[in-house]
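The values are calculated or read from the model by the stated rules, or taken from the named source; none is laboratory data. Predicted model, so just to flag it, every value in this text is computed and none were measured. Glycine also receives a Cβ, built like all others from the backbone with ideal geometry; neighbour counts cover every protein chain displayed. Heads up: the accessible areas ignore ligands, DNA and RNA and are worked out on the full protein's heavy atoms, side chains in. Shrake-Rupley method; radii C 1.70, N 1.55, O 1.52, S 1.80 Å.
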Amino acid sequence: MKKNIVLIGFMGVGKGSIARELIKMSEYIAIDTDDLIESMENLTIQKIFSQNGEEYFRKLEKKVAIWLESSIDNTLISTGGGFYKQENIKNIGIIVLLDSPFDKIINRIKAHPNALKKLKKRPLLKDLEKAKELYKQRRPEYLKVADIVIDVTDKSAIECSKELLKKVEEHA
Ligand code: S3P
């Protein structure tokens, strides 16, 4: 059984911030599926979507998912919001869903000093109505795939990270 922690959840829910906090308070090394894809292609996610389309991006996610399963252990893996769909995800590690209502997620992004950049770099957040539909469709699927759920609403990254480490330990 692999000892990776795989963070899943909707865009902007705080996977990156929580991963950065977690590595400070644990021995984990962190990797991020979007970062891996950007360096594989030497392009930003935004450019990959605009030049090659979403389907191509999903193929890259699949490649990363296969590599994670075959080659990575004892690692904290943060993922893009659609990565949970990879069919081998449960073989990669323990799946932790960071959960929050859609409106809270959007408010969290908007409150950030780099809000515009954060919205711009996410092609699927361009149209908030469509993003809300995507959220509604995905949320039950996220819950289905998750081993652990952390409600991150109105909590700091430190609080969420502490709760996560405790729950992971209990789950083992
Ligand atoms: C996506 C989420 C993004 C990125 C890509 C697609 C999605 O990652 O992988 O834009 O399908 O939800 P974040 O969740 O880190 O924004």
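A few comments on the model shown:
- Simple Cβ-charge dipole of the stretch 19-172, Lys/Arg +1 and Asp/Glu -1, about Cα centre, in debye nearest 20: 660
- Calculated FRET efficiency for the pair ILE148/LYS104, C-beta based, R₀ 25 Å, to 0.05: 0.80
- Potential extension, TRP67-GLU163 segment - 0.36 nm per residue separation minus Cα distance: 31.7 nm
- Accessible area (Å², per residue) of the stretch 1-153, counting only protein heavy atoms and a probe of 1.4 Å: 54
- Cross-link partners of LYS2 among lysines (Cα-Cα below 30 Å; sequence separation of 8 or more within a chain): LYS15, LYS24, LYS59, LYS62, LYS63, LYS85, LYS90, LYS144, LYS155, LYS162, LYS166, LYS167
- 10 Å Cβ shell holding at most 13 others, DSSP loop, trypsin sites (Lys or Arg not before Pro): longest site-free stretch of the chain: 4-125
- Placing pseudo-labels 7 Å out from each Cα toward the beta carbon at ASN74 and GLU133 gives an inter-label distance of 4.6 nm.
- If you run the Gaussian network model on the chain, springs between alpha carbon atoms under 10 Å, then out of ASP151, ASP127, ASP34 the most flexible one is ASP127.
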